[in-house]
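Here's the structure, in structure tokens; my notes come after.
The values are calculated or read from the model by the stated rules, or taken from the named source; none is laboratory data. The model shown is predicted, which means the values in this text are computed figures rather than measured ones. All Cβ positions, glycine included, derive from the backbone under ideal geometry; neighbour counts span all protein chains shown. When the accessible area is computed, the model is the full protein with side chains, heavy atoms only, and any ligands, DNA or RNA have been set aside. Shrake-Rupley method; radii C 1.70, N 1.55, O 1.52, S 1.80 Å.
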2 protein chains.
Amino acid sequence: MTGGGGPGTGPAAAPAERRGRPRSAAVDTAVVETVLRLLEDGVGVAELSMERIAREAGVGKATVYRRWAGKEALMLDVLRSLDEAVPGPAGGCVRDDLVALLEFLRRRGLAKRSSAVLRTVVAQVQARPALWAEYHDTVVAARREAFEAVLRRGMASGEIRADLDTGLLTDLFVSPMLSRALFHEWRELPEGLSERIVDTLLEGVRPA
Amino acid sequence: MTGGGGPGTGPAAAPAERRGRPRSAAVDTAVVETVLRLLEDGVGVAELSMERIAREAGVGKATVYRRWAGKEALMLDVLRSLDEAVPGPAGGCVRDDLVALLEFLRRRGLAKRSSAVLRTVVAQVQARPALWAEYHDTVVAARREAFEAVLRRGMASGEIRADLDTGLLTDLFVSPMLSRALFHEWRELPEGLSERIVDTLLEGVRPA
DNA sequence: CCCATACGAGACGGGACCGTTCCGGAAGTG
DNA sequence: CACTTCCGGAACGGTCCCGTCTCGTATGGG
């Protein structure tokens, strides 16, 4: 239930030749996990003070500053910890693959934790572009690429119109799910939503 | 260029029987306008302190507190000031009305100011539901109703499939524009985008 | 074993902001 | 004109936070 908080969280690689006591890996995960939990609980990124993070993680403030230069650097690592593998195409028909990708968004990505993180990142698009860039490269890019790959396959097989831009198509498929997760606070994502979105988009809104 | 900051901004109605010097209406608009400008410049809602708002508006802090109980109440009035009339349907074909509504979103609503406000509000969905509720009732509801009215008209006239839910359809039309405005920082909203979204949705993604 | 380094805890000075209060002056009402 | 209320400015005590530093203790590599 901890999401993608596992390994790969280390903020900086040790340059070998370490004497003395090594740093505790548990501290890294505890801090990152605490930030995610607080965001999940609705604490805004600005109410998140380094002091509070350390307090709630049961960690000395100096220990946090020993690893991260400031809140910005810490947040970047938090975003990096969210890296998740997108499910590969099942190889069935394109329609089912699209539904599966949207279901992945609905279930794993947008249930609670990730919707909170997404809201937080969106709020920082203007003030801290680096934060958004990191989130885009780490999380968004892989998902978009997965969508576009399926769409290209559909275009090759004749299941998808080939005269459309895959970027725009990806927006058409993804953004309805995204908007609901952003605005409706991770409720209102009912079971059959993915199918309804995909089928409506495929069939078109105009009567046949 | 001041947007919807005009009348109706007063935080509380005067109960008549006022002696002494009346409150300056200029202060109300100056404060609200300053908040909007700061949000527009990328200042997060949490970096927005009452002290800073008063300073930048050239207004005494006590004067602000005389009108609003706190930041939450002030933000509610700021959102209320955003109320804008949605353009009525031109009465042409449904397709053109849908394009016109999306164009309204692209041009007026989502260029700069409103995208900043929307990001701010989204960030507060969890922490301050009242803020989101106010924004929804003031801004979102009217726009959604306009969309659904056009869609219902299209269903009656046979231009839109009648077996679909107007709420979901509205999401399909609106959210691609919304997502771009949220994520891409009010760039990347090119001229023909509205037409492309509407036509793709109408025609469908599957080949004919 | 020894020593360098990490650890939690907390003190430190500096700064920002909160919400209130007071001031001297301005501006309408009666 | 007298009076009441508002105005901008500024100060107040209080709280929280920042980033650094110092304790005394724990822990692992050489």
- Given Cβ charges of +1 for Lys and Arg and -1 for Asp and Glu, the option among B:LEU105, B:ILE160, B:VAL117 whose Cα lies farthest towards the positive end of the dipole of the stretch B:94-203 is B:VAL117
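What size of dipole, in debye to the nearest 20, comes out for chain A about its Cα centre when the only charges are +1 on Lys and Arg C-beta atoms and -1 on Asp and Glu C-beta atoms? Mind showing how you got there, number by number?
On the way: 29 positive and 29 negative charges, 185 e Å.
Dipole magnitude for chain A comes out near 880 debye.
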- Message: If I build a Gaussian network model for chain A, linking alpha-carbon pairs within less than 10 angstrom, which residue out of A:GLY20, A:GLY92, A:GLY58 has the largest mean-square fluctuation?
- Response: A:GLY20
- Between beta-carbons, use under 14 Å as the cut-off and find the net charge around B:TRP132, counting Lys and Arg +1, Asp and Glu -1. +1
- Message: Can you tell me the length gained on complete extension of the stretch A:ALA141 to A:ASP83, counting 0.36 nm per residue apart and subtracting the Cα distance?
- Response: 19.8 nm
- Query: Counting alpha carbon pairs within less than 8 Å and at least 6 residues apart, what relative contact order, in whole percent, applies to chain B?
  - Reply: 22 percent
- Message: Please compute the average number of Cβ atoms from other chains found within 10 Å of each residue's Cβ in peptide B:46-58.
- Response: 1
- Message: For B:LYS61, place a label point 7 Å from Cα along the Cα-to-Cβ direction in every copy; what are the distances to the other copies, in nm, shortest first?
- Response: 2.2
- Roughly how many Å² of A:ARG106 are accessible to a 1.4 Å probe, to the nearest 10? 30 Å²
- Ignore the peptide's own chain and count Cβ atoms of other chains within 10 Å of each Cβ in A:172-184; give me the average, rounded. 6
- Task: Could you calculate the contour length gain from B:ALA73 to B:ALA156, that is, 0.36 nm times the residue separation minus the distance between their Cα atoms, to one decimal place in nm?
- Result: 25.6 nm
- Item | Surface accessible to a 1.4 Å probe, A:LYS61 within the full protein complex, Å² | 90 Å²
- Part-to-part distance (alpha-carbon centres) for the stretch A:63-84 and the stretch A:161-208, which is given in Å: 33 Å
- Which value, in nm² and rounded to one decimal, describes the direction-averaged projected area of the C-alpha convex hull of the stretch A:25-80? 3.4 nm²
- Using a 1.4 Å probe on the protein chains only, how many percent of the accessible area of chain A belongs to carbon and sulfur? 53 percent
- Message: Using Cα springs under 10 Å in a Gaussian network model of chain B, which residue among B:ARG21, B:ARG153, B:ARG119 shows the largest mean-square fluctuation?
- Response: B:ARG21
- Message: Rolling a 1.4 angstrom probe over the protein chains, ignoring ligands and nucleic acids, what is the accessible area of B:SER175 in square angstrom, nearest 10?
- Response: 0 Å²
- Query: Put the label 7 Å from Cα along Cα→Cβ for A:ALA90; what are its distances to the other copies, in nanometres, shortest first?
  - Reply: 4.4
- Item | Per-q log10 I(q)/I(0), the stretch A:103-205, q = 0.11, 0.12 Å⁻¹ (Debye; single scatterer per alpha-carbon; no solvent) | -0.38, -0.45
- Item | Alpha-carbon spread of chain B, three principal axes, descending order, Å | 71, 37, 31
- Query: Considering only the label points, 7 Å along Cα→Cβ from Cα, what distances in nm to one decimal separate B:GLY20 from the same position in each other copy, shortest first?
  - Reply: 6.3
- Task: Using a 10 Å cut-off on Cβ to Cβ distances, tally the other chain neighbours for every residue of B:121-134 and report the average as a whole number.
- Result: 4
- Message: Ignoring everything except DSSP H segments at least 4 long, calculate the 222 nm mean residue ellipticity for chain A; use -39,500 (n - 2.57) per segment, divide by total residues, nearest 500.
- Response: -17000 deg cm²/dmol
